[in-house]
Amino acid sequence: MKTCVILIITSFTLDLFERVVSGNSSLPYDAIFNFGDSLSDTGNFLASGNKAFLEFNSLPYGETFFKKPAGRFSDGRLSIDFIAEAYGLPYLPPYINVANGKNAQQGVNFAVAGATALDAKYFSQRGIGPVWTNNSLNVQVGWFKKLKPSLCKTKEECNRYFNRSLFVVGEIGGNDHNYVATATRNVAQLRPMVPLVIEAITKATSELIAEGAVELMVPGNLPSGCSAMYLTTFLSKNKEDYDEHGCFKALNEFVVYYNTQLIAALKTLRRNNPGVRIIYGDYYGAALRFFHAPNHYGFSGETLSACCGGGGPYNVNISAGCGNINSKVCPNPSIFANWDGIHLTEAANKLLAKGLIEGPFSKPPLKRSAFKIA
C-alpha cells in the first residue's frame, strides 16, 4: 500500500514538472491568477503585516485541513484552493511572498482580505471606515503588471503562457458594500455606488485583457442577506423583513440587483473583446442552495449562524470575534455553512467550487477539470 501511494505522488509530481518544462499539458490551465478579498486571500493580508484582525492568525482558523492557521479566513480551504486542486495545480502562493517571481509559474494569488473594488480613498473621503487594507483591486492589478516580466519575456512567450492561464477577478466588491452597510445600516445607501464598483471591476478586467489574459472568470457577490454578520447588523423584529428561510430580504434583493448590473457589464466586455472568454461566476446562485436547502447539502447545523463566534442570535459578537478568547467554535464545522459570521466554512467553499466547475454556476462554463472535487 505504501509503495502504491509513493508511485502515485511521484507520477503526479513528474507530470507537473513535465508540463512546466515542455509547455504542453493535457490539463486545461498551466496557471491561475486570482484577484479579490478575504474570500480568496491565501496569505497576502498576513504577509503584509496588517494588524487589523490578528485573531485569524491563530486557531481555530485553518483547523480542519491545514491543522494550523494558513493565512485564510476559514477553518480550511477556500474555493480558490478547490479550483486549483481540480485543475491539477498547487495552491496559489500569495503575491507578497513571491514578489521576486520565484514559484510563480503555476499561478499567484493577489487577493487581500478587506480589499475593495474602489480605491481606499473613496471611503476615507466620505468618512467611512477604516477599511482593512489599501490594497484595492487597482493595486492588485498593478502587482500583476509588476510581476509579469518575471513570468514571460517576449510577446510570443506571454501569448503562449496566458493562453493557458485562468484569471479569476473576484469575488470583489463585497467589501465596498460591507463598509457602507456597516457605517449607515441602510441598504438604500448601497445602490448609488453600484455603477462605480462595476466600473472598477470592468476596468481591471480590461487591463488584464490588455496584458494578455484570454480567459477570465468574474464572480458576482454572495447572498449577503444570509450572512450571519449582516443578519446581526440588520437585526429586525419585523418578520416581514425576512424570507421563509430567515435571510434578510432587502440585502439579497440588493445583491441580485448588483449582480444583474455586473452581468450586463460583462456582456458589453465580451462584445468588445470577441477573442476572449469572459465567464460570470454565479456565487449567489451557488451559495443560495445551501442556505435555502441546507440538509440536502449536509448542513445540519444552524444554517444562518456562525460556527465560530462570541454569542448572540447568530453567534456573531463584534467584541468577541472568532479566535477571540471569549469566542467558541462548533465541534463540527463541516455541518455549518458560515464559519465566522462573514466567511464560509471549508465545506461550503467546496460546494461553491463544485458549482462553478461542474456547473451550472459558471456562465459560459469553465473548462472541464482534470480532477473531481471529492
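The values are calculated or read from the model by the stated rules, or taken from the named source; none is laboratory data. All of these numbers come straight from a predicted model, not from anything done at the bench. Glycine also receives a Cβ, built like all others from the backbone with ideal geometry; neighbour counts cover every protein chain displayed. Heads up: the accessible areas ignore ligands, DNA and RNA and are worked out on the full protein's heavy atoms, side chains in. Shrake-Rupley method; radii C 1.70, N 1.55, O 1.52, S 1.80 Å.
Scanning segment 154-189 for residues that are acidic (Asp, Glu) and either under 26 Å from Ser362 (Cα atoms) or under 24 Å from the mean Cα position of the chain (by Cα) (or both), which turns out surrounded by the fewest Cβ atoms within 10 Å (Cβ to Cβ)? Among those residues, the one meeting the criterion is Glu171.
For segment 55-88, a residue qualifies if it is touching a helix residue (DSSP H, G or I) at 6+ places or on another chain (Cβ under 9 Å), touching a residue at least 60 places away in the same chain (Cβ under 8 Å), assigned to a loop (DSSP other than H, G, I, E, B) and small (Gly, Ala, Ser), and the qualifying residues are Ser74, Gly76, Gly88. Quick check: is even one residue across segment 190-205 among the hydrophobic types (A, V, I, L, M, F, W, C), in a helix (DSSP H, G or I), touching a strand residue (DSSP E or B) at 6+ places or on another chain (Cβ under 7 Å) and open to solvent by less than 30 Å² (accessible area, probe 1.4 Å)? There is at least one residue in segment 190-205 that is among the hydrophobic types (A, V, I, L, M, F, W, C), in a helix (DSSP H, G or I), touching a strand residue (DSSP E or B) at 6+ places or on another chain (Cβ under 7 Å) and open to solvent by less than 30 Å² (accessible area, probe 1.4 Å). Counting just the residues of segment 317-356 that are open to solvent by less than 20 Å² (accessible area, probe 1.4 Å) and of a type in the set (A, V, I, L, M), which one comes out modelled with the lowest pLDDT? Here the residue is Ala320.
The residues of segment 176-189 that are among the polar types (S, T, N, Q) and part of a helix (DSSP H, G or I), listed by number, are Asn178, Thr182, Thr184, Gln189.
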